[in-house]
């Protein structure tokens, strides 16, 4: 029988992001992983806050957990990661898929940030290979490359729990957009089929929720529910039909509000880069995006 980890979700209303703490209740050291954290950022003022991350820190300390991993499912375009802040306060290793190198290759020239955004990914403690296996405490975990939203999207299978980022959303929402550089609707469809190949009772924890009218934010579904009910990509929907509708729906979508600061910070594993005159900056490329 698969290990069934404990999972606590934290919803950030401003960015509709779900962050998670995953741990093994029975392990004597109570090791845990943090997935897809949020650093609060006000674009108008350029001010950061740590309210979202501090909720996670409080939960970990209150429950006497030991942080082993700070994981990212991908380079987010809609929120800044709190990975650097969390590592400073809790320890643990930051990690992401090796396919981040493709994302850095695309975006570093846009921001001209080579001085503080290493192209080899060494700003992260670990770059995972496809299908790589690792552990959270004694719990087995595995990397599943699930591109489509971006070329670097990765799902983490920890015991019976799959953390999918933007690869797939709750059944009444569908899937993540595929119009970012390197994104591909065909890859998105193929990634959902990797997910559908898992046991039906596998728990799926999504990276965002945009609830339809009538329900509040939720984060949990199963492989069986997705196969039967997902409005975009359930098992009965053909690949060509999905790709056509996904591309049509993504055409002309607005740029995410926090795209520019998010990419710069997230490609640095949560850092703001080298300060100038003691001040940290994010850049706004003019007429480039």
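Just a few scattered comments:
- Residue within the stretch 173-190 that is in a strand (DSSP E or B) and either surrounded by fewer than 20 Cβ atoms within 10 Å (Cβ to Cβ) or at pLDDT 95 or above (or both) present: no
- Filter result (in contact with a strand residue (DSSP E or B) (Cβ under 9 Å, 6 or more places away or on another chain) and surrounded by fewer than 21 Cβ atoms within 10 Å (Cβ to Cβ)) within the stretch 268-279: 272
- Residue in the stretch 215-232 that is in a loop (DSSP other than H, G, I, E, B) and in contact with a helix residue (DSSP H, G or I) (Cβ under 9 Å, 6 or more places away or on another chain) present: yes
- Screening 105, 13, 25, 88 for residues that are surrounded by fewer than 17 Cβ atoms within 10 Å (Cβ to Cβ), under 14 Å from residue 268 (Cα atoms) and over 14 Å from the mean Cα position of the chain (by Cα) leaves exactly one candidate, 105.
- Any hit, the stretch 254-267, residues being in a loop (DSSP other than H, G, I, E, B), loosely packed, with under 13 Cβ neighbours inside 10 Å and over 16 Å from the mean Cα position of the chain (by Cα): yes
The values are calculated or read from the model by the stated rules, or taken from the named source; none is laboratory data. Model, not experiment: these values are computed from the prediction. Every residue, glycine among them, receives a Cβ derived from its backbone with ideal geometry; neighbour counts consider all protein chains shown.
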